[in-house]
1. Before we move on, is residue A:463 of a type in the set (Ser, Thr, Tyr) and open to solvent by 10 Å² or more (accessible area, probe 1.4 Å)?
2. Would you point out which residue out of A:430, A:459 is without any contact (Cβ under 8 Å) to a residue 40 or more places away in the chain, more than 17 Å from residue A:64 (Cα to Cα) and near ligand 1 (Cβ under 8 Å from one of its atoms)?
3. Would you point out which residue out of B:18, B:3 is within 21 Å of the chain's Cα centre (by Cα), buried (at least 19 other Cβ atoms within 10 Å of the Cβ) and either facing another protein chain (nearest Cβ under 10 Å) or not in a strand (DSSP E or B) (or both)?
4. Under the condition of being part of a loop (DSSP other than H, G, I, E, B) and at the interface with another protein chain (Cβ under 10 Å from one of its Cβ atoms), which residue from the stretch B:6-15 is surrounded by the fewest Cβ atoms within 10 Å (Cβ to Cβ)?
5. Quick check: anything in the stretch A:403-413 within 16 Å of ligand 2 (Cβ to nearest atom), of a type in the set (Ser, Thr, Tyr) and touching a residue at least 60 places away in the same chain (Cβ under 8 Å)?
6. Take the residues in the stretch A:278-302 that are more than 20 Å from the chain's Cα centre (by Cα) and among the β-branched types (Val, Ile, Thr); name whichever of them is farthest from the other protein chains (Cβ to nearest Cβ).
7. Grab the helices (runs of 4 or more DSSP H) fully contained in the stretch A:418-484, keeping just those with 3 or more residues being farther than 16 Å from residue A:61 by Cα and within 15 Å of ligand 2 (Cβ to nearest atom).
8. Any residue in the stretch A:40-59 that is within 25 Å of residue A:402 (Cα to Cα), touching an Asp or Glu at 6+ places or on another chain (Cβ under 8 Å), assigned to a strand (DSSP E or B) and in contact (Cβ under 8 Å) with a residue 24 or more places away in the chain?
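The values are calculated or read from the model by the stated rules, or taken from the named source; none is laboratory data. All of these numbers come straight from a predicted model, not from anything done at the bench. Quick reminder, even Gly has a Cβ in these numbers, built from the backbone with ideal geometry, and neighbours come from all protein chains shown. Ligands, DNA and RNA are stripped out before the accessible areas are found, and what is left, the full protein with its side chains, is counted by its heavy atoms. Shrake-Rupley method; radii C 1.70, N 1.55, O 1.52, S 1.80 Å.
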Amino acid sequence: MVKTKIKYEDQEQVVKKTPKTGADLLIESLIDAEVDTLFGYPGGAVLPIFDALYKVKESFNQVLARHEQGSIHAAEGYARVSGKPGVVIATSGPGATNLVTGIADAMMDSLPLVVFTGQVAQGVIGTDAFQEADVMGITTPITKQNYQVRSIKDLPRVVKEAFHIASTGRPGPVVVDIPKDLAANPCEDHYDTDFNLPGYQPTIKPNPIQIKKIGEVLATAKKPVILTGAGIVISKASEEIKAFVEEHQIPVASTLLGLGAFPGEHPLFLGMAGMHGTYAANKAIYECDVLINIGARFDDRLTGNLDHFAPSAIVAHIDIDPAEIGKNVTTHIPVVADAKLALNKMLKQIKATGDYGEWVEHVERNKQNFPLWYNNPETDMIAQWVIDQVYKTTKGDAIVTTDVGQHQMWSAQYYKFNKPNRWVTSGGLGTMGFGFPAAIGAQLAAPDDTVVAIVGDGGFQMTLQELSILQERGLPVKIIIVNNAALGMVRQWQEKFYEKRYSESVFSIQPDFVKLAEAYNIKGAKIDNQADLAKKLPELIAYDGPVLIDCRVLQQENVYPMIAPGKGIHEMIGVKP
Amino acid sequence: MRRIITATVQNRSGVLNRITGLLQKRQFNIESISVGRTEVEGVSKITIVVDVDASQKLEQVTKQLNKQIDVLKVSDITDKAIVARELALIKIVSNSQLRAEIQGIIEPFRAIVIDVSKDSLSIQVTGKSEKVEALIDLLRPYGIKELARTGLTAFQRGQQPQALQENNSFSLLN
Ligand SMILES: Cc1ncc(C[n+]2csc(CCOP(=O)(O)OP(=O)(O)O)c2C)c(N)n1
Ligand SMILES: [Mg+2]
């Protein structure tokens with residue numbers, strides 16, 4: 001999929017005719033940063049940049065989304081799957097503001113993005129010029145760092161810095177705002193790119209004393225639990241966590257974003273914890289005497305009421321971001337470190353001395369006795385069953401992206417990931433419209449893998465314009481619309497907490513999704529019963545090209561188990577009777 | 001509790017915005033904030049006085065500040081031996097008869113008159129916030145026409161006592 005990279009120098013003949021511009025310099029910097037895929041959308045302020053791109057077309061896989069929000073969610077999907085920064089270019093004003101949701105999403109979920117926005121020419125900045133927006137002001141609270149380049153000599157350095165900051169430490173989005181005149185004007189051939197960031201030196205090596213303390217509490221622990229977060233995925237520490245867990249025989253619970261960090265089918269895996277987590281995972285956290293959090297940020301959707309979260313546990317928290325430690329949960333053993341380096345140290349330094357046999361038996365009994373469950377109807381489909389079928393058909397080996405809502409929680413529950421970087425979902429921000437464009441980015445990052453976008457009928461309608469890209473690129477993404485004719489998650493809360501006053505949550509009309517797919521030249525299928533799905537799903541998933549499957553499921557299903565807002569992690573409702 | 005936090009920062013555009021924005025987003029109450037250049041080129045010092053209700057919250061302020069790329073160092077110097085000063089300009093209602101009386105009030109505060117008009121007097125005072133406040137209170141009965149304060153700026157004394165203790169070794173008028 002990724003085209004062979006042609007060095008900038010090879011384009012010399014074309015470029016030579018005109019003097020080198022700021023835009024050319026930017027492109028050169030992107031090549032230096034080893035960018036291979038660009039998610040861009042043109043406009044006035046970035047015309048010089050797109051013109052420069054035109055001249056080096058072959059150097060990048062350029063992807064034109066049909067809305068900047070599509071570009072940036074695709075870049076997020078690309079980043080999550082490839083582990084490399086996603087790169088976005090958008091124009092000033094509306095182009096930039098259309099990116100805001102994605103930037104905030106990436107910030108919450110620690111995704112590396114480098115976002116370039118055009119800006120009006122320096123001479124008119126601050127005059128409310130046409131398509132001017134205060135991008136610095138707007139993006140400051142939702143970026144790890146942002147820059148407005150005011151002198152061309154800074155540009156190559158800033159770009160280098162931006163990639164460094166986005167992808168090291170706790171990854172996050174970096175915005176680089178480039179005034180149009182800077183991009184358009186001629187510039188010199190070379191500028192210094194050395195940077196010095198004395199205020200940014202992430203601690204990645206664990207303090208051995210803290211690791212020793214973890215060893216000490218594990219030696220006397222009776223009921224330890226490990227919580228796995230996305231930090232493990234980001235630091236590529238899946239091997240290490242598995243080795244540690246197996247050596248010590250400690251049960252594992254995961255956060256939503258941590259799924260795949262530890263094998264979902266492993267006997268010691270208790271499943272996702274939190275609001276829609278499994279009984280076994282939540283109960284284990286409630287009862288444990290030692291909780292080791294590796295790379296998770298104790299989000300409120302995980303902890304529930306903090307008074308009841310791991311109430312009798314000694315808490316160890318390994319995180320590369322010191323500000324996350326002690327933010328929500330009182331922590332006894334703070335470890336500021338990269339998860340992989342910490343786990344390596346733990347593997348070396350901590351010998352298995354504890355005996356947790358009884359505890360493991362206990363939590364596994366919970367896992368057996370109170371599994372996730374649903375009552376499958378005779379012929380009609382329910383979402384849980386559909387996702388189970390997707391899981392079985394793809395043998396748990398697909399890259400799965402989701403949107404936000406009930407289908408997302410069911411995907412987290414029923415699709416078991418044995419490998420990291422195959423689960424792409426919007427956790428912290430809970431962004432509807434994320435799932436489908438993210439699948440496009442995921443497929444571009446992993447052209448040979450099966451990519452399934454499991455989306456709701458609501459959220460899909462927020463970004464479905466990106467169907468154009470599937471057609472244009474022949475990307476074989478498989479879209480599964482879990483169609484309950486409702487904003488299901490909202491409907492569920494209204495049923496439970498607002499006495500069934502279904503305010504604006506049930507759709508009275510819907511588009512014909514199959515016709516919609518056909519309008520984009522994509523194979524579409526509508527399925528409304530179990531027999532049909534069981535028969536057709538394998539061939540639809542195996543189909544060599546994009547497919548949209550409109551799965552009509554029963555509306556009244558709710559996601560269980562559930563911890564109601566304000567309740568503790570031990571107060572689950574809807575546990576298997 | 002009132003805490004005095006200093007942050008040295010890279011003097012890049014937008015850094016102040018980032019810091020005040022973050023304090024606001026995390027719901028920290030800023031009592032005052034002052035910024036200025038330091039002896040190092042390109043480095044500024046920010047002195048922030050915040051009101052926090054728990055030590056956990058205080059830890060969060062410093063950690064969140066520290067996390068910013070352009071922030072070089074954050075210190076909570078409240079319990080250190082420090083010199084902390086602020087400057088206030090106070091314009092009060094006055095006339096020729098009152099001038100001597102006011103002079104008598106401000107003198108022990110080592111405040112000075114910096115502007116005089118037919119019906120007003122402008123006074124400049126520097127010192128610890130408590131001292132500034134005390135003078136303002138004394139001048140209030142005359143009628144304050146205008147008041148401007150810089151907010152606190154502070155750093156640690158050259159020598160720190162071995163055992164840390166509340167620093168009350170100098171008087172209010174110091
Ligand atoms: C951009 C955005 N707007 C609103 C919400 C609030 N919200 C959360 S889930 C949900 C319903 C989603 O409906 P659908 O996409 O059909 O998924 P379902 O829950 O039915 O599976 C809504 C409206 C959100 N998360 N994001
Ligand atoms: Mg729905």
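1. no
2. After applying the criteria, what remains is A:430.
3. B:18 is the lone residue from the list that is within 21 Å of the chain's Cα centre (by Cα), buried (at least 19 other Cβ atoms within 10 Å of the Cβ) and either facing another protein chain (nearest Cβ under 10 Å) or not in a strand (DSSP E or B) (or both).
4. If we take residues in the stretch B:6-15 being part of a loop (DSSP other than H, G, I, E, B) and at the interface with another protein chain (Cβ under 10 Å from one of its Cβ atoms), then B:13 is surrounded by the fewest Cβ atoms within 10 Å (Cβ to Cβ).
5. No, the conditions are met nowhere in the stretch A:403-413.
6. Result: A:278.
7. Hits in the stretch A:418-484: A:457-463.
8. Within the stretch A:40-59, not a single residue is within 25 Å of residue A:402 (Cα to Cα), touching an Asp or Glu at 6+ places or on another chain (Cβ under 8 Å), assigned to a strand (DSSP E or B) and in contact (Cβ under 8 Å) with a residue 24 or more places away in the chain.
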